[in-house]
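Asks: One structure, as structure tokens, below. Some questions next.
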Amino acid sequence: MIYKFKSKATGDLIMLEPNGRRMLEIIGKDPAPAGIIQPAQMPAAVLALEAAIAREEADRKAAVDEARGTGHVLPTFPDVSLRQRAVPFLDMLRRGSQAQTDIVWGA
């Protein structure tokens with residue numbers, strides 16, 4: 001399954017199911033096959049994503065610091081970070097909020 005996010009303020013944004021599901025869960029939306037994010041919900045969604053990105057980056061730094069401090073092998077992380085995955089979605093949320101247009105996904 002894929003998530004295809006649509007907004008009149010931006011082009012379409014397509015994400016594979018695991019990535020789209022994660023974005024929706026972070027912003028507190030049901031990762032159903034179809035849904036809507038209204039402009040009034042977008043500022044809180046942006047804040048939630050930014051907080052999740054900050055947490056992920058802090059957790060990664062702490063894991064690396066701990067491994068270095070104890071002489072263990074450095075941990076490996078997915079090639080694409082949450083920040084990289086979220087940038088297009090954050091842009092869509094910000095532009096949708098500014099233009100006061102919904103973001104929808106699904107049929």
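The values are calculated or read from the model by the stated rules, or taken from the named source; none is laboratory data. Everything quoted here is computed from the prediction, not taken from an experiment. Here the Cβ is made from the backbone with ideal geometry for all residues, glycine too, and neighbour counts use every protein chain on show. SASA here: full protein model, heavy atoms, side chains in, ligands and nucleic acids out. Shrake-Rupley method; radii C 1.70, N 1.55, O 1.52, S 1.80 Å.
Asks: Quick check on this structure: which one of 104, 73 is more than 24 Å from residue 3 (Cα to Cα) and hydrophobic (A, V, I, L, M, F, W, C)?
Replies: Values: 104 fails: more than 24 Å from residue 3 (Cα to Cα).
Unique residue meeting the criteria: 73.
Asks: Could you list, in sequence order, all residues of the stretch 30-45 that are open to solvent by 50 Å² or more (accessible area, probe 1.4 Å), in contact (Cβ under 8 Å) with a residue 40 or more places away in the chain and among the aliphatic types (A, V, I, L, M)?
Replies: Here is the first cut: in the stretch 30-45, the ones open to solvent by 50 Å² or more (accessible area, probe 1.4 Å) are 30, 33-34, 36, 38, 40-41, 43-44.
When the remaining residues are screened for being in contact (Cβ under 8 Å) with a residue 40 or more places away in the chain, the result is 33-34, 36, 38, 43.
Across the stretch 30-45, the qualifying residues are 34, 36.
Asks: Tell me, please, whether a residue that is under 22 Å from residue 99 (Cα atoms), open to solvent by 70 Å² or more (accessible area, probe 1.4 Å) and in contact with a Ser or Thr (Cβ under 7 Å, 6 or more places away or on another chain) can be found in the stretch 1-10.
Replies: yes
Asks: Just the residues that are open to solvent by 70 Å² or more (accessible area, probe 1.4 Å) and more than 24 Å from residue 99 (Cβ to Cβ), please, taken from the stretch 11-29. Full working, then the answer.
Replies: Step one: of the stretch 11-29, the residues open to solvent by 70 Å² or more (accessible area, probe 1.4 Å) are 12, 14, 16, 18, 21-22, 25.
Answer for the stretch 11-29, where residues must be open to solvent by 70 Å² or more (accessible area, probe 1.4 Å) and more than 24 Å from residue 99 (Cβ to Cβ): 16, 18, 21, 22, 25.
Asks: Here's a check for you: in the stretch 65-90, which residue that is among the polar types (S, T, N, Q) and either open to solvent by 70 Å² or more (accessible area, probe 1.4 Å) or touching a Cys at 6+ places or on another chain (Cβ under 8 Å) (or both) is nearest to residue 11 (Cα to Cα)?
Replies: So in the stretch 65-90, the residues among the polar types (S, T, N, Q) come out as 70, 76, 81, 84.
Add one more test, that the residue is either open to solvent by 70 Å² or more (accessible area, probe 1.4 Å) or touching a Cys at 6+ places or on another chain (Cβ under 8 Å) (or both), and what stays is 70, 76, 84.
Values: 70: 47, 76: 34, 84: 18 Å.
Looking at the filtered set, the residue picked out is 84.
Asks: Name the single residue, out of those in the stretch 91-104 being open to solvent by less than 10 Å² (accessible area, probe 1.4 Å) and touching a strand residue (DSSP E or B) at 6+ places or on another chain (Cβ under 6 Å), that is nearest to residue 58 (Cα to Cα).
Replies: Of the residues in the stretch 91-104, the ones open to solvent by less than 10 Å² (accessible area, probe 1.4 Å) are 92-93, 96, 103.
Going one step further and asking which of them are touching a strand residue (DSSP E or B) at 6+ places or on another chain (Cβ under 6 Å), we end up with 92, 96, 103.
Details: 92: 25, 96: 29, 103: 30 Å.
Looking at the filtered set, the residue picked out is 92.
Asks: Could you go through the stretch 46-61 and let me know if any residue there is charged (D, E, K, R), farther than 21 Å from residue 2 by Cβ and surrounded by fewer than 11 Cβ atoms within 10 Å (Cβ to Cβ). Quick ask: steps written out before the conclusion?
Replies: As a first pass, look at the stretch 46-61 and keep what is charged (D, E, K, R): 50, 55-57, 59-61.
Checking the rest, the ones that are also farther than 21 Å from residue 2 by Cβ come to 50, 55-57, 59-61.
Imposing the further condition that a residue be surrounded by fewer than 11 Cβ atoms within 10 Å (Cβ to Cβ) reduces the set to 61.
Scanning the stretch 46-61, I find at least one residue that is charged (D, E, K, R), farther than 21 Å from residue 2 by Cβ and surrounded by fewer than 11 Cβ atoms within 10 Å (Cβ to Cβ), so the answer is yes.
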